[in-house]
Amino acid sequence: MEKMQFKAESQRLLDLMINSIYTNREIFLREIISNASDAIDKLAYTALTDDKVGISREDFAITITRAKDARILTISDNGIGMNRTEMEENLGTIAKSGSLGFKQAMEKKEDIDIIGQFGVGFYSAFMVASSVTVVSKKYGEDKAWRWDSDGADGYTIEEGEREYPGTDVIMTLKPDTEEEKYSEFLEEYTLRSLVRKYSDYIHYPIRMEVSKSRKKEDSDEYESYQAVEILNSMVPIWQRAKKDVTEEEYENFYREKFFDFNKPLRTVHVSAEGTVSFKALLYIPGKAPFDFYSKDFKRGLQLYSSGVMIMENCEELLPEHFRFVRGVVDSQDLSLNISREMLQHSRQLTIIARNLEKKIKSELTGMLENDRQSYEQFFGVFGRQLKYGTVADYGAHKDATQDLLLFYSNKQGKLISLKEYVDSMAEGQEKIYYAPGEHTDRLAKLPQVKLLADKGYDVLLFGDEVDEFVPQTLMTYSEKSFCNVTTEDLQLQSEEEKKELETKAESMKGILTFVKQTLGERVKEVRLSANLGSAPVCMVPDAGMSFEMEKYMKRVNPEYAFPVGRILELNPEHTAVKAMEKAVIEDPVKAADYARLLCCQAQLMAELPLEDPVAYTELVCKLMQ
Ligand code: ADP
């Protein structure tokens, strides 16, 4: 029979498994059992709506059999099974889900120790077995198939024999060596303790025939007999009382279930009684999955009903703004005989979802208030998601998210919440000031920001492009309105000061017109400003939209983008402006150069690209001569 070859990367993983010097080989059992459990989940789900399955819930089981002399360990299940194509696809390639993280880590050549931390899947059998045979019959099909491989040189598939649907994974253990006694995986004691350690929560019985002894009747002698023992307690971790679950158990479950080898940042175990009773185990990850901000990422929680997994990613249970949460929900109150589509719109799901949203919010709020360091770590990873959540649907979800946002405070030099900003507002301060830009450190140097700082007013420095949409969506926070210091009038002058500026503008009308004429279409208007502090000039956008928003639109939505009008503001007190004023009368050619130079400077400070950087450099050189 022709041997088929493994896909290249699968072969690499296999080689790693076969030659593994890894000490935690025992995890192969967990992987094989977990596959068996998944396969039963699938058939159990089918059975809900398909009478022909003919297996009642109690009869689903995973069976461990041992042939000690032949060194064969078999794990059987009566789950959904595989047909020929599926065998080829699933056992010939690294599976997509679990092994992917492993694959990536392998590419990065990280430590071999990662083996224990990933769901490395079926191939882990080759850490203990010299050859593996899989016999499987898919539910609803007539033929059974047999897959054979010794890992090293490919595999074969031929017709096999199996009466009922399900799968046997038959492993011939490697010969014992000085260091490694593979035969221990045939021992009752070892298998029992491995199941308890790794697979206790599997909600189907894991059966194994064991020898027991009993006292003979009417005699003092003992006799041994064979009996079937159920090795696992079958209580899923989320069904257990919180006080009975250790931190380590929560973490291990998370790692295995969600294929993340990092520790979760927070674990939330919910047990709710009421109109809808349910148990939930939620995790806030410490790192974002690699595809988190892409379309491929599926949000949602795993949904179980009375121990049967009915949906892998139930989106309805998790609002978009908390899409980073992973977890499991189990409720007996869901009607299972309705279709998935109907279930997704059921009232029960809505109630559970609302309850979970509150739980997540309060967990995050608690972290924000009591464990700032962890919260900042969290925010660094998922903060952007919370901001998107705040602005989505015209702010419909802001109550859940606005208090969880952090922005960089110019005054305090660290991230603060909107509440913290408002609570520490200066005497007489009416507005929440913010400045959008690309870099917070550059923003801190803006004349407007400096001016406000001199008055003791804090400014939130927005470095993320979504930031600016937050005040636009919220409109107010705690009854305070927002003010974009780069686009809006700061209204800091008294009536008198305004009058004074007007008079000044009147007297400098000639030079303002001169500058406008020199710059032509480059600016929409030239005017004086008293807000510039020590800066000579400043470029501000005309009405509403900021330059940052203009850049954003250009990139994201070019067909709707339009240039925002540029207004050049001059500081009448600045020596450079005074020098230009003088030159207008004495040397208009030089004055025109000054005007162009100041315009370029204003553009640079506003982080606007120069239309002609070469001309700018030439201009500077010319003026230096
Ligand atoms: P993963 O479980 O992470 O997808 P595995 O390598 O463990 O990766 O398994 C690959 C695939 O093989 C599974 O996704 C499943 O489709 C199939 N498979 C493995 N074991 C069984 C089984 N006992 N019954 C049915 N299908 C199985």
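In the set Glu581, Glu586, which member is over 26 Å from Gly463 (Cβ atoms), touching a residue at least 12 places away in the same chain (Cβ under 8 Å) and out of contact with any Cys (no Cβ under 8 Å at 6 or more places or on another chain)? Please lay out each step first, then the result.
Details: Glu586 fails: touching a residue at least 12 places away in the same chain (Cβ under 8 Å).
Residue meeting the stated conditions: Glu581.
Against the test of being more than 27 Å from Arg57 (Cα to Cα) and more than 19 Å from the chain's Cα centre (by Cα), the options Arg354, Arg323 yield a single qualifying residue, Arg354. Taking the range 212-284 as the region of interest, the strands (runs of 3 or more DSSP E) fully inside it that hold 1 or more residues being of a type in the set (S, T, N, Q) are 222-230, 266-272. Test of understanding: among Val564, Val523, Val537, Val589, which residue is aliphatic (A, V, I, L, M) and open to solvent by 50 Å² or more (accessible area, probe 1.4 Å)? Just one listed residue meets the conditions, Val589.
Determine whether Arg84 is touching a strand residue (DSSP E or B) at 6+ places or on another chain (Cβ under 8 Å), open to solvent by 50 Å² or more (accessible area, probe 1.4 Å), within 25 Å of Phe185 (Cα to Cα) and among the charged types (D, E, K, R).
Details: touching a strand residue (DSSP E or B) at 6+ places or on another chain (Cβ under 8 Å): yes; open to solvent by 50 Å² or more (accessible area, probe 1.4 Å): yes; within 25 Å of Phe185 (Cα to Cα): no; among the charged types (D, E, K, R): yes.
No, not satisfied.
Going by what's in this entry, would Lys143 be described as of a type outside the set (Phe, Trp, Tyr), at pLDDT 95 or above and either near the ligand (Cβ under 9 Å from one of its atoms) or open to solvent by less than 10 Å² (accessible area, probe 1.4 Å) (or both)? Explain how you work it out, then say what you get.
Details: of a type outside the set (Phe, Trp, Tyr): yes; at pLDDT 95 or above: yes; either near the ligand (Cβ under 9 Å from one of its atoms) or open to solvent by less than 10 Å² (accessible area, probe 1.4 Å) (or both): no.
Here the answer is no, as Lys143 does not meet what is asked.
I need every pair where a residue in the range 385-413 that is hydrophobic (A, V, I, L, M, F, W, C) and at pLDDT 95 or above has its Cβ under 7 Å from the Cβ of a residue that is open to solvent by less than 70 Å² (accessible area, probe 1.4 Å) and assigned to a strand (DSSP E or B), sequence separation at least 6 or different chains. What qualifies is Leu405/Ser417; Leu406/Leu415; Leu406/Ile416; Leu406/Ser417; Phe407/Leu415; Phe407/Ile416; Phe407/Leu460; Phe407/Phe462. For the range 270-288, a residue qualifies if it is at negative phi and surrounded by fewer than 18 Cβ atoms within 10 Å (Cβ to Cβ), and the qualifying residues are Ser271, Ala272, Glu273, Thr275, Ser277, Gly286, Lys287, Ala288. Note on the range 161-214: residues that are under 14 Å from Leu231 (Cβ atoms), aliphatic (A, V, I, L, M) and modelled with pLDDT of 90 or more total 6. Taking the listed residues Leu597, Leu619, Leu604, the one that is open to solvent by 40 Å² or more (accessible area, probe 1.4 Å) and assigned to a helix (DSSP H, G or I) is Leu604, with no other qualifying. The residue pairs whose first member lies in the range 200-220 and is under 25 Å from Phe60 (Cβ atoms), whose second member is among the basic types (Lys, Arg), and whose beta carbons are closer than 9 Å, counting only pairs six or more residues apart or on different chains, are Tyr201/Arg240; Met208/Arg66; Met208/Arg192; Glu209/Arg66; Val210/Arg192.
Identify, from the list Thr246, Thr267, the residue that is closer than 22 Å to Phe378 by Cβ and of a type in the set (Val, Ile, Thr). Show your work before the answer.
On the way: Thr246 fails: closer than 22 Å to Phe378 by Cβ.
It is Thr267.
Identify all residues within the range 453-473 that are of a type outside the set (D, E, K, R) and buried (at least 19 other Cβ atoms within 10 Å of the Cβ); write none if there are none. So that I can check it myself, show each step before the final result.
Filtering the range 453-473 down to residues of a type outside the set (D, E, K, R) leaves 453, 456-457, 459-463, 466, 469-473.
Listed by number, the residues that qualify are Tyr457, Val459, Leu460, Leu461, Phe462, Phe469, Val470, Pro471.
Go through the range 164-199 and report how many residues are open to solvent by 30 Å² or more (accessible area, probe 1.4 Å), over 15 Å from Ile62 (Cα atoms) and within 16 Å of the ligand (Cβ to nearest atom). Of the residues in the range 164-199, 0 are open to solvent by 30 Å² or more (accessible area, probe 1.4 Å), over 15 Å from Ile62 (Cα atoms) and within 16 Å of the ligand (Cβ to nearest atom). Going through the range 23-80 one residue at a time, which ones are acidic (Asp, Glu), within 13 Å of the ligand (Cβ to nearest atom) and open to solvent by less than 60 Å² (accessible area, probe 1.4 Å)? Across the range 23-80, the qualifying residues are Glu31, Asp41, Asp77.
Taking the conditions exactly as written (in contact (Cβ under 8 Å) with a residue 40 or more places away in the chain, touching a helix residue (DSSP H, G or I) at 6+ places or on another chain (Cβ under 9 Å) and open to solvent by 50 Å² or more (accessible area, probe 1.4 Å)), does Glu569 satisfy them or not? Judged against the criteria, Glu569 is not a match.
Can you confirm whether Gly98 is within 10 Å of the ligand (Cβ to nearest atom), modelled with pLDDT of 90 or more and open to solvent by less than 10 Å² (accessible area, probe 1.4 Å)? Here the answer is no, as Gly98 does not meet what is asked.
Among the conditions (1) in contact with a His (Cβ under 9 Å, 6 or more places away or on another chain); (2) modelled with pLDDT of 95 or more, the only one that Ala535 does not satisfy is (2).
The values are calculated or read from the model by the stated rules, or taken from the named source; none is laboratory data. All values derive from a computational prediction rather than experimental measurement. Backbone-built Cβ (ideal geometry, glycine too); neighbour counts: all protein chains shown. Accessible surface areas use protein heavy atoms only, side chains included; no ligands, DNA or RNA. Shrake-Rupley method; radii C 1.70, N 1.55, O 1.52, S 1.80 Å.
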